[in-house]
Amino acid sequence: MDYRQKKNCTFFTIGLIFLLSGIEYAVILPTIWRYLQILEAPPYFLGLGLSAFSLSGLLTGPLFGLWSDRTRTTKTIILYSNLFEIVGKLHSFKLLPGIGAGAGSSIFGFLTRSTRPEERAGVFAAIMACRQAGLLIGPAFNLFLRLCDFQLGPFVVNNYTSPGIFMCLMWILLQFVVLALYWDIPPISSGEEGIAVGEIEEEVPLVRAEETLETYGTVWDDQIETTLSSEIHPFQDPSQLEFLREEVVVLLTAQFITLFNQTALETMVTPLTQRSFGFGELANSLMYSLCGVEVILGFFLVRWLSRQVEDRVVLAVGLVICSVACVWCLIFLANPQGGYSWELATFIIGVFLQLLGLPFVAVSQVSLFSKVTAEKTQGFSQGVRRSVGGLATILGPLWAGGLTGNLYLMLGMMLALLLMITVMLILSYDRLVEPKVVQHAQSSDNGE
């Protein structure tokens, strides 16, 4: 099996991992709220349950990323982390699957090292679309899982426990797929565009036999010093704290605010649809399915758009759409007026706008973050980014869980955060680009 085949098989396996995470979310989330109601738990317990998953991922993400940076391998990390997913499903303990989710930082670090900067946003969009495809497929499994009512050894399988047992079996099958199809392929060499280090079989002499040194002219020492000092980006100096640089702070803030608002809305949606529209488990599953269709189309749109414009433009468009969506929800959903049909129509429009902006922000900020941080420590850097996102997914459900009856306060905070990151983006817009030293190297390669 050659390098390209190994790479395609590996990317296919990564897509399956994200697909399965989306299926898990769509299968389990719609049943959590009803299960908590049977236990007579207050609404904020929904936020606590969702936050427990993110807490362990927040702590383990940087550790898994550092592990992959040191060993330059991710296959072992994925196999190890999946064990936590399997055990967590059997014991319904949300902290354990969260540990398994921490391997995502290693995967994003691997994707950064295995792709060229100009194609990276498209690859990230495709991988994220796989998760949304899982959100689309997941509700179909709920159609038969909700009918389960039998005993499987020591496990009682009913409409509340069957999703966990089903996902346990799916993660076990995934282990065999990873063993067979995942390869720790070598990274793309920075000196050879699109060529992996492992594919280079022979060295090419710097000076050909028919050429002389005079062909290349003479470069003065002061010219070399001036060129290097003007092109070296701050992240090339390991002594500097790259996570405190302006552009990195902006992208980490965008990551936090996006996921905070997304998880807050997800926490609010299920109680809102039940209270206002009488939606049950089946209706909520169908709603998540339709949301998955929209987001998948959005990721394909971003995949195409990323080839036409810069990542920072995509990010700006996404923030504008999310801000409009938040204003819409604040006006029409916080204090609904009119009949059932009008309320349902305004709710659908608000959800549509919110989901439309999500792919723009999600893909662009991940792609930009991979370009403005050091490539050699991408695993750890992506772990830090995902930890910031994990913190947001902890605070978002906690914030929304206790404010399902006070949407003005909940949505007002979300809008304030969006306005803040928009101002930060405007002030730092010129810095949200790929480092000059990388761009210069790529242009030199293309010109040869």
Pull out the extension gain between Phe144 and Val433, defined as 0.36 nm times the separation in residues minus the alpha carbon to alpha carbon distance; nm, one decimal. 99.2 nm
Could you tell me which of Thr270, Trp342, Pro397 has its Cα farthest along the dipole of region 243-433 towards the positive end, charges placed at Cβ (Lys, Arg +1; Asp, Glu -1), taken about the Cα centre? Pro397
Place a +1 charge on the Cβ of each Lys and Arg in region 243-433 and a -1 charge on the Cβ of each Asp and Glu, then give the dipole magnitude about the Cα centre in debye, rounded to the nearest 20. 340 debye
Each label point is 7 Å from the Cα along the Cα-to-Cβ direction; what then is the distance between the points at Phe352 and Leu290, in nm? 1.0 nm
Cα-Cα separations in region 243-433 greater than 21 Å, expressed as whole percent: 52 percent
Which of the peptides 355-365, 16-26 is most tightly packed, and how do the rest follow, judged by the mean count of other Cβ atoms within 10 Å per residue? 355-365, 16-26
Region 256-314: trypsin sites (Lys or Arg not before Pro) in DSSP loop, at most 15 other beta carbons within 10 Å: Arg307
Over region 340-418, with a single point scatterer placed on each C-alpha, what log10 of the ratio I(q)/I(0) does the Debye formula yield at q = 0.14, 0.24, 0.26 1/Å? -0.67, -1.24, -1.28
Dimensions in Å of region 272-352 - Rg and Dmax from alpha carbons: 15.5, 44
Go through region 10-27 residue by residue and turn each phi into a ³J(HN,Hα) via Karplus (6.51, -1.76, 1.60, θ = phi - 60°); whole Hz please, and just put x for glycine and proline. 5, 5, 4, 5, 4, x, 5, 4, 6, 4, 5, 5, x, 4, 4, 4, 6, 7
Pairwise label distance in nanometres, Gln5 with Gln337, each label 7 Å out on the Cα-Cβ vector: 6.6 nm
At what distance in angstrom do the alpha carbon centres of region 1-24 and region 117-154 lie from each other? 14 Å
With the label point 7 Å along the Cα-to-beta-carbon line of Ser276 and a cut-off under 15 Å to each amide N, the hits in region 391-425 are 403-412
Give the carbon-plus-sulfur fraction of the accessible surface of region 243-433 in %, rounded to a whole number; probe 1.4 Å, heavy atoms of protein chains only. 73 percent
Inter-label distance, nm, simple model (7 Å from Cα along the C-beta direction), Ala41/Leu344: 3.0 nm
Between Leu152 and Ile172, what is 0.36 nm times their sequence separation minus the Cα-Cα distance? Round to one decimal in nm. 5.5 nm
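The values are calculated or read from the model by the stated rules, or taken from the named source; none is laboratory data. Predicted model, so just to flag it, every value in this text is computed and none were measured. Positions of Cβ are backbone-derived with ideal geometry, glycine not excepted, and every protein chain shown enters the neighbour counts. The protein model used for the area step is the full one, side chains on, heavy atoms only, and it has no ligands, DNA or RNA in it. Shrake-Rupley method; radii C 1.70, N 1.55, O 1.52, S 1.80 Å.
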